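The values are calculated or read from the model by the stated rules, or taken from the named source; none is laboratory data. Just so you know, these numbers come straight off a predicted model, no measurement behind them. For neighbour counting, all protein chains shown are included, and Cβ atoms are generated from backbone atoms with ideal geometry for every residue, glycine included. These area figures cover heavy atoms from the full protein model, side chains too; ligands, DNA and RNA do not enter into them. Shrake-Rupley method; radii C 1.70, N 1.55, O 1.52, S 1.80 Å.
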Amino acid sequence: MQPPRATAAELQGWSGGGQPGFSLPTISGAAAALEAARGHPVLVHFFATWCEPCREELPALNRLAARAGGSVTVLAIAVADADRSVQRFFATTPVDFPILLDRDRAVAKAWNVATLPTTFVLDGSLQPKFVVETDFAWDTIDPGKLSSALDAGGSTSIKDASNR
């Protein structure tokens, strides 16, 4: 049985248990591991450069990361995308978080990602708390409230009242 998934671009509480760790190459050639983000809320964002909603969502994720000032980590994972396509896309749409390459879909499969974009919101102990399986209005999220909601087990609102 699959845990509940988001509909109508809402973050849904995650009840599917933990997800496996991973280490993937980045577009710069270094390796990035999920474990390195422990201690902060983490958004694990699965996307592809050919996916138009994905392309439009990445700048909003970048703005969220900037507003968070280092208190939230974004790990964006390009799924089954050619390295060159990913590099070309980010040459024209730069972001300030790592872009990881899931060339063979191994991580996407291990996390049961069926649609792009899909984003998991993890707490500081890297346990999934929320998921959304479509593009999402990340500009509506208050990074401080996100951290508080994760600490409270997802029982508080994470929307930024000024962006509703």
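Things worth noting here:
- Neighbours by Cβ (under 6 Å, 6+ apart or cross-chain): first from segment 67-95, in contact (Cβ under 8 Å) with a residue 12 or more places away in the chain; second of a type in the set (Ser, Thr, Tyr): Asp81/Thr49; Ser85/Thr49; Val86/Thr49; Phe89/Thr49
- Picking from residues in segment 90-101 that are within 25 Å of Ser71 (Cα to Cα) and among the β-branched types (Val, Ile, Thr), the one that is surrounded by the fewest Cβ atoms within 10 Å (Cβ to Cβ) is Thr93.
- Leu126 vs. criteria surrounded by 13 or more Cβ atoms within 10 Å (Cβ to Cβ), at pLDDT 95 or above and more than 17 Å from Gly17 (Cα to Cα): no
- Within segment 85-117, the set of residues being among the small types (Gly, Ala, Ser) and under 17 Å from the mean Cα position of the chain (by Cα) comprises Ala106, Ala108, Ala110, Ala114.
- Of the criteria (1) within 14 Å of Trp138 (Cα to Cα); (2) loosely packed, with under 15 Cβ neighbours inside 10 Å, which one Glu52 fails: (1)
- In this structure, Thr115 qualifies as free of Cβ contacts under 8 Å to residues at least 40 places away in the same chain and farther than 15 Å from Pro25 by Cβ.
- Residues being open to solvent by less than 10 Å² (accessible area, probe 1.4 Å) and farther than 19 Å from Gly18 by Cβ - total across segment 102-120: 1
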